[in-house]
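Written out below as structure tokens is the structure these notes cover.
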Amino acid sequence: LGSVIAYFTSAKFLLYLGHALSTWGDRMWHFAVSVFLVELYGNSLLLTAVYGLVVAGSVLLLGALIGDWVDKNSRLKVAQTSLVVQNSSVILCGVILMIIFLFKTQLLTLYHGWLLTLCYILVITIANIANLASTATAITIQRDWIVVVAGEDRSKLADMNATIRRIDQLTNILAPMAVGQIMTFGSPMIGCGFISGWNLMSMCVEYLLLWKVYQKTPTLAHKSAKVEASELKQLNVKKESDMKPAEGVQLIIEKDVTGFEPQQEKEVGCAARIAEPFITFRDGWVAYYNQPVFLAGMGLAFLYMTVLGFDCITTGYAYTQGLSGSVLSLLMGASAVTGIMGTVAFTWLRRKCGLIRTGLISGVAQFACLILCVISVFMPGSPMDLTVSPFADISARLAGNEPLPTIASREPEMIFATGMPSLLNGSTSPANSDPEMSPEPVPLISVSLLFSGVIAARVGLWSFDLTVTQLLQENVIESERGIINGVQNSMNYLLDLLHFIMVILAPNPEAFGLLVLISVSFVAMGHIMYFRFAQKSLGKQLFVCHTPDPKAAPDSSPPGNTSTV
């Protein structure tokens, strides 16, 4: 009993609990805000698209600056500030949305509708601030706090990373379902109120949990100050001339400051202050490029350039191929299970083969499963036809030959996120439509192979994700964790943004097969980058898989690394 109580009061468990609360609120909000914006703007996806573009663009541009802010301030201040800003923004957004839902008719008549437009802009702006604060929270907790709590025990760090990912997998499925049910059986306004209330309660609890974790882990109060560029150059020269084999312990010389007091800022002119964010942006990307794990990080980012995931694009395509919402909800559940299996595989493989080889094995497993997706493109039932113009359908509608699609035709993209009936008009799947209007049955061989590959590949995907995450945690010096992970987030968003642009350029089902082939190509390029990183790190020992000595360091630190020796 004592050991159970000790575990539930440990810093590790409190960190898990805080992350679960934070992620649950995040997932509810991210799902609900898209539905709210569709509902508000006359059943159009315009506001949702604008919101997605603003969010992706903001993280892309500001990721390095957010990371730099994380590095320059004490851990507790960063965590508490980002927590309060994030939750307060969501609460404020919820209140504004409730006002819009209540007084939309009156707002439409005031100032020729410009007041309502201003409300839309306000909602998107505040929601974007919430997302940026969420990014800061993720960087500081998942990339920094967790490393300090784990101490020098890399096995404990791997287990904690895997547990965090399992929490993510479960909340990805359960949180949208929960808020979706409230919005379905209540109303969007009730959904706004529930989310605002949840975030208010969650903010208070999370704030307390962060304080408890901080108290239970005294080393969180000690943070290395930023190393100046000139010092880094001298260090690099010294290390290149006096390099020892990787011992798995970071011996990089850093300025340890008890309580971490930020350095005194020198008097700078107005021009220098204006230029500072641009210099930080540049320095962040240069520092990211110079990291020994640069190729591994790029490999992970390339995996975001894909339509082979359970987002609105792939599920929307499945809907055109005759799969119902209920079937897709089961497939999403299966993907969550395989994702959790990936976290289990990661911890097992790391113990048996070491960290870097785990990434190689995971990459091979993911790519092998995605071969099924490639085969599906050429199987019966695949609509792939490159002779069809991607914009033929849109051109016909704009010419007046066909009516523009309503939300009912696009709505499955949101329904599939929860696997439940429509939030807006009650339609569930093609099976519920008039039999006389139903299209001819499509052979399911192609779409079955596609989703079999996507679901099976998630074992390798999440194991690979955890591998790169831990490589960044172990090989980036403490004083640069924030800015490097901020740039990594920017890279992920950049490739994710490119995949949406790719879909915009080829939006019809006939071109989806081509998108699958491009996606698999980008996954292959990502794993080739990782293979090159592994080759540089392990040399001739690359394919020698052995059980690491528990007293020796895992092979996560490449020889010749400027951040580990």
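Just the number please: accessible area per residue for the stretch 1-221, 1.4 Å probe, all protein chains included, in Å². Could the numbers behind the result be given before it?
Working: 9200 Å² over 221 residues.
Normalised by residue count, the accessible surface of the stretch 1-221 is 42 Å².
State the percentage of accessible surface on the stretch 1-221 attributable to carbon and sulfur atoms; use a 1.4 Å probe and exclude ligands, DNA and RNA. Working shown, then result.
Details: 6720 of 9200 Å².
Reported share for carbon and sulfur atoms: 73 percent.
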Exercise. Which whole-Hz ³J(HN,Hα) couplings does the stretch 354-367 yield from phi under the Karplus relation 6.51 cos²θ - 1.76 cosθ + 1.60, θ = phi - 60°, glycine and proline marked x?
Worked result: x, 6, 5, 5, 4, x, 5, 5, 4, x, 4, 5, 5, 5
For this session: Show the residues, 5+ positions off or on another chain, whose built amide H is closer than 5 Å to the amide H of Lys223.
Result: Val257, Gly259, Phe260
Seminar exercise, completed: Rounded to a whole %, the carbon-and-sulfur portion of the accessible area of the stretch 264-362 at a 1.4 Å probe is 68
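The values are calculated or read from the model by the stated rules, or taken from the named source; none is laboratory data. Quick caveat, the model's predicted, so the values are computed rather than measured. Side chains are part of the model used for accessible areas, which takes the heavy atoms of the whole protein and leaves out ligands, DNA and RNA. Shrake-Rupley method; radii C 1.70, N 1.55, O 1.52, S 1.80 Å.
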